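Peer 1: Below: one structure in structure tokens.
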Amino acid sequence: MAALKTVPAAEVRLGMFIHGFEGSWWEHPFWRTRFLLTDLEDLQKLRAFQGGVIIDVARSQVAAPGIDTPAAAVGGGEEAGATAALPAATAKRAIPESPAARFSTEQAQAAALVAGALDTVRGTFEDVRLGRAIAHEKVAALVDDIAGQLDRNASALLRVLQLKSKHQYTYLHSVAVCTLMVNLARHLAMDDEAVRTLGLAGLLHDVGKVAIPDAVLDKPGRLSPEEFALVRTHPEEGVALLREDGAMPALAVEVCLHHHERWDGNGYPHGLKADDISLPARMGAICDVYDALTSHRAYKRAWLPARALGAMWSWDGHFDRDLLFQFMRSINLYPPGMLVRLASDRLALVLDNGGRATRTRLLVFHSLAEDSALTPRSLVLTGGAEEDRVIGFIPAEEAPSAIPSLDLYPPVAVTN
Ligand SMILES: [Fe+2]
């Protein structure tokens, strides 16, 4: 049986068996929670952790402060310093998990985060609906947890968020838009406070839907004109609710009010055009539609990310195109048929990746540096630091040489 003792991170030493961490467990610096601490680098990372570390005394090679264990005699007692040499048998690194095990750990962490987030968002919407004060601290902590998970493994989190069931849709959609907003804001190099506020705005952008009957929101068929008019009131309903909260940042209210405005002025509620729509609201519009398209709904199946982006890219006048391009870069996905400029000053056509959305397949066909056509050659972007990368896009009508036909390059088979 585990004999557990919590010690401050500063008192952790090599040879202790780490059982877990206090507080929000996805905040801790390790992806494996239970292991014998034998590595100096791990020790340094762990000491930077703010909070208590739970030690399994019985499995430790050294004593925890204030506890005498038989194991202490093997690895040294209190006087043994943090850098003391361990017996040869214990001085090797903890055995790392296999890639498959690590993948499922990350997926499980993302799923746990989303489950907790769902409760927080449901509670927050309920608070707003009933006119209670919003638990700002709880919501801010959630946005921080989402930002932390994005740092560790963005694709695991985004994958979990695509799996929405009908009844959770509005809440999970809120968590997804929050996640995409944080990701995009960071990609745009915004400061931490802006990132956090935009995450909050993403969480609350659809809060006005609490005023719309579920029968209308979840209706499987087409909405009648009256029902559609009712749905279109949700931005203003949301603002009325958010204004009840004196501490609500103006930017969150702005995203709530204007996330359905369109670049060409055909959006609602105010029909604002282009730059008259604030940047946060333009960001909200893109994240909102992308998540809606890639989610299962009562009336449609989820689209693959590349299909959703392809459609969004083709809707003239709907979004701020430069920002949409930045969004594509932030999630590392480009729609097939798009022409992109590479850091190597070459031009490439985005190929269909057959649903393997995280690796963009390109066909390089023109050198911009030499202004000459190249023999088409395919290239897969894997995100490595050394490789070529996409730095811009070029409208098809401005292509300097003939664009290869997509039909000649069919999608690759999905192997996983
Ligand atoms: Fe909305």
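The values are calculated or read from the model by the stated rules, or taken from the named source; none is laboratory data. Note that the coordinates shown come from a computational prediction; the quantities given were computed from them, not determined experimentally. Neighbour counts run over all protein chains shown; Cβ positions are idealised from the backbone, glycine included. Only protein heavy atoms, including side chains, enter the accessible area calculation; ligands, DNA and RNA are left aside. Shrake-Rupley method; radii C 1.70, N 1.55, O 1.52, S 1.80 Å.
Peer 1: Quick one: accessible surface of V255, probe radius 1.4 Å, all protein chains present, in square angstrom to the nearest 10.
Peer 2: 0 Å²
Peer 1: With a 1.4 Å probe and every protein chain left in place, tell me how much accessible area R129 has, in Å² to the nearest 10.
Peer 2: Only protein atoms counted, so the area is about 120 Å².
Peer 1: If I compute solvent accessible area with a 1.4 Å probe over the protein chains, what percent of it on the range 109-154 is carbon and sulfur?
Peer 2: Ligands and nucleic acids excluded, carbon and sulfur give 51 percent.
Peer 1: Moving to a separate point now. Report the local net charge at L241: Lys and Arg +1, Asp and Glu -1, summed over other residues whose C-beta lies under 13 Å from its C-beta.
Peer 2: With Lys, Arg at +1 and Asp, Glu at -1, the net is -3.
Peer 1: Now a separate question. Restrict the search to the range 161-262; then list the GluC sites (Glu not before Pro) that DSSP places in a loop and that have at most 14 other Cβ atoms within 10 Å of their Cβ.
Peer 2: Values: sites: E193, E226, E227, E236, E237, E244, E254, E261; in loops: E244, E261.
Answer by residue number: E244.
Peer 1: Additional query: Ignoring ligands, DNA and RNA, what percent of the accessible area of the range 176-217 is carbon or sulfur (1.4 Å)?
Peer 2: 47 percent
Peer 1: Let me ask something additional. Ignoring ligands and nucleic acids, what accessible area does L46 show with a 1.4 Å probe (Å², nearest 10)?
Peer 2: For L46, solvent-accessible area is about 0 Å².
Peer 1: Let me have the relative contact order for the range 182-339, percent, based on Cα pairs under 8 Å that are six or more residues apart.
Peer 2: Relative contact order, the range 182-339: 21 percent.
Peer 1: For the range 213-347, with every protein chain kept in place, what is the accessible area per residue (1.4 Å probe, Å²)?
Peer 2: Per residue, the range 213-347 has an accessible area of 45 Å².
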